[in-house]
Amino acid sequence: MSEDQKRSDRHRDGLARRDFLRIGGMAGLAAGTALPKRLAPTEAAAAEAPRYPVVDVAPLTKLEPGTTVDFSYPDSDSPSLLVRLDGPADGGIGPNESVVAFSLLCTHKGCPLNFKSERNMLICPCHWSSFDPAKAGRLVIGQASDPLPQITLRITDGIVQAVGVSGLIYGRHTNII
Ligand code: FES
């Protein structure tokens, strides 16, 4: 065998060994021995979910039909309103599922809404969009296009608490800032 042939054989053997080691290493990774732990889909969703504060809003016993309570949620720059309606409401809690709460910022251009008890509507004084608190803040009429963000409520030891927001509060990229 010539010197050139011997050099060529050594080079080929070297390549074969490197390929073997590379493939063997990938097989080890594929078996999961060297991969970092991955979160299960539900764990990942929980990790990405915004962490809303728990805020006491009012004692349930104080909420007669027609009662409203102003509060801020999820922070002091976000005016919100709790209202006990005469009848059941989508997402309502308490007696007859009649207690609901919403962001008070109109989804059109952010004007603070007023609750008109005679019409059971949240109405914008700027361009007169009207939102129905019994139907998860659905737009009834007006220039807005989105429903009102609804505050998620719960009752703990007789206290109505705010614990989350469904929908994006006007002017925000995320509800928790
Ligand atoms: S800001 Fe409310 S309708 Fe325009």
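Observations, loosely collected:
- For segment 55-166, the spread of Cα coordinates along the three principal axes comes to 40, 28, 18 Å, biggest extent given first.
- The alpha carbon convex hull volume per residue for segment 100-145 rounds to 64 Å³.
- Computed FRET value (nearest 0.05) for residue 117 with residue 49, which takes r as the C-beta separation and R₀ as 25 Å: 0.15
- Here 108, 173, 127 are placed in order of increasing Cβ neighbour count within 10 Å, fewest first, which gives 173, 127, 108.
- If R0 equals 30 Å, the separation of the Cβ atoms of residue 75 and residue 141 corresponds to a calculated FRET efficiency of about 0.50.
No lab work stands behind these numbers, since they all come straight from the coordinates. This is a predicted model, so every value here is computed, not measured. Heads up, the Cβs are rebuilt from the backbone with ideal geometry, glycines too, and the neighbour counts pull from every protein chain shown.
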